[in-house]
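A quick write-up on the structure given underneath.
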Amino acid sequence: MNFVVNRLKGTTILNFYGKLTVQYASEILCALTENIQSSDNLVLDFGGVTDVDLSCLQLLCAAHRSAIRSNTQLSFDVRHNGILRETLNTAGFSEHQGCSLETGVSCPWNR
């Protein structure tokens, strides 16, 4: 797992590469936490991800809840990653209705 952070005109883009699996959970958590705390608008780009498991999806949902509490706009770019989309569907996230913390904002998985 690797990631690159780009800051462009008030938006932070966190590009993930490689495997987003339980073996890398602590690194993923650190990257998410640091960037949620330091950004007003954070985009997570999964275009370079080659593998993902349920532990990562759970971390991303936790990151979304943290972003809501921190007033950070968080969005997920999953358009260019069939592996992530397939894992989301297999795990049941395609039917996900959002979490209880949302106030009129749709779940990032459903955007």
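Only the coordinates and a few stated rules stand behind these numbers; no lab work does. Since the model is a prediction, treat every value here as computed from it, not as a measurement. Here the Cβ is made from the backbone with ideal geometry for all residues, glycine too, and neighbour counts use every protein chain on show.
Worth a mention:
- Every pair of residues 6+ apart whose Cβ atoms lie under 6 Å, when the first sits in region 13-37 and is closer than 11 Å to Phe3 by Cβ while the second is among the charged types (D, E, K, R): Ile13/Asp45; Asn15/Asp45
- Selection from region 44-93 of residues that are touching a His at 6+ places or on another chain (Cβ under 7 Å) and buried (at least 16 other Cβ atoms within 10 Å of the Cβ): Leu74
- Of the residues making up region 26-43, those that are surrounded by fewer than 14 Cβ atoms within 10 Å (Cβ to Cβ), of a type outside the set (D, E, K, R), closer than 17 Å to Thr12 by Cα and more than 13 Å from the chain's Cα centre (by Cα) number 2.
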